[in-house]
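Input: a single structure, listed below in structure tokens.
Nothing in this text is a laboratory measurement; each read-out follows from the coordinates by a stated rule. Nothing here was measured: the structure is a model prediction, and the numbers come from that model. Cβ atoms come from the backbone with ideal geometry, glycine included; neighbour counts cover every protein chain shown.
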Amino acid sequence: MLTLDAITIENGGYAVQADLTIAPGQRVAVIGPSGAGKSTLLGGIAGFLPVPHGRILWRDAEITASTPGQRPVAMLFQDGNLFPHLTLAQNVGLGLRPDLRLSPEQRAQVDAALTRVGLSGLGARKPAALSGGQQSRAALARVLVQSRDILLLDEPFAALGPALKADMLDLVAEVCADTGATLLMVSHDPTDARRICSHAVLVADGQAHPPVETATLLNDPPPALRAYLGQDGLP
Ligand SMILES: Nc1ncnc2c1ncn2[C@@H]1O[C@H](COP(=O)(O)OP(=O)(O)OP(=O)(O)O)[C@@H](O)[C@H]1O
């Protein structure tokens, strides 16, 4: 269980409050108006932003004061996930050791992660020699190799076309099912949430609400979400 026990997360002058729990292995979309604090929520869970009030717990152990590296969390951002001067294998290896002094076992883990995301044999390539979809897969492999319990994805596939994005979302769902990882994924596209997230957290007006079933939330959105989604259900 991921427990956000009456927390406040600070992001500059902005604050987001949350008092909710997320079940292990659950896939949860984080949705809400632009600027409402979705990235702030993920940043607080990851340990990148201060949480001056409340407690964050994972499986009953408090992690509020833990550094990002000590938390059971791996995070994938929209941009800047790959270093252009490093090969794919090195980029993925960074998830295991920042100095890249990998043991043979760790190299095998990198190869396995690349294979899992469909990039077998491409480890020696640099990111520029890959398509956008392949780059997204490599970034996902780096998150995978970390074997963390919680995956935080902040609009990671927004730059991809619809078909590639759907492939990546399905891959994320498969990986979460394989590993039992708990997923929180920020997305501006409600179809992403419907595709792979059983539950959704609405972030609006500085408040992250407890998760509810995605279909329930999107089929009958509260006013703050309805205004954002518009009549056709898209932002
Ligand atoms: N460094 C900062 N200093 C002050 N305010 C900030 C800072 N970073 C973000 N904010 C503010 O915090 C609020 C929440 O930002 P956040 O990025 O979490 O929203 P979001 O819901 O992820 O938005 P979007 O959907 O547009 O990405 C915004 O109103 C933003 O202006």
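One table, with the values for the structure above:
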item	result
Loop trypsin sites (Lys or Arg not before Pro), region 65-145 (other Cβ atoms within 10 Å of the site Cβ: 14 or fewer; DSSP)	ARG101
0 to 90° range, to nearest 10: angle between helix 132-145 axis and the chain longest Cα axis	90
Cβ-based net charge around GLY206, under 14 Å, with every Lys or Arg adding one and every Asp or Glu removing one	-2
Radius of gyration and maximum dimension Dmax of the chain, Cα, Å	17.6, 55
Antiparallel %, DSSP beta bridges [both residues in the chain], to 5	50
On Cα atoms only, tilt of 104-116 relative to the major axis of the chain in degrees	60
Alpha-carbon centroid distance for the pair region 86-163 / region 1-65, whole angstrom	26
Packing-based ranking, highest mean first, of 196-206, 83-93, 4-14 given that Cβ atoms within 10 Å are counted	196-206, 83-93, 4-14
Within the chain, helix-based [θ] at 222 nm, where runs of 4 or more DSSP H residues each add -39,500 (n - 2.57), nearest 500	-10000 deg cm²/dmol
Per residue, the convex hull volume that the Cα atoms of region 115-235 enclose (Å³)	119
Kirkwood Rh, Cα atoms: Rg over Rh of region 82-147	0.91
Environment charge of VAL16, counting only residues whose C-beta is closer than 13 Å and scoring Lys/Arg +1, Asp/Glu -1	-2
At most 13 other Cβ within 10 Å, DSSP loop - trypsin sites (Lys or Arg not before Pro), region 1-85	ARG59
For THR182, distant residues with modelled amide H under 5 Å away	GLY25, ILE150, LEU151
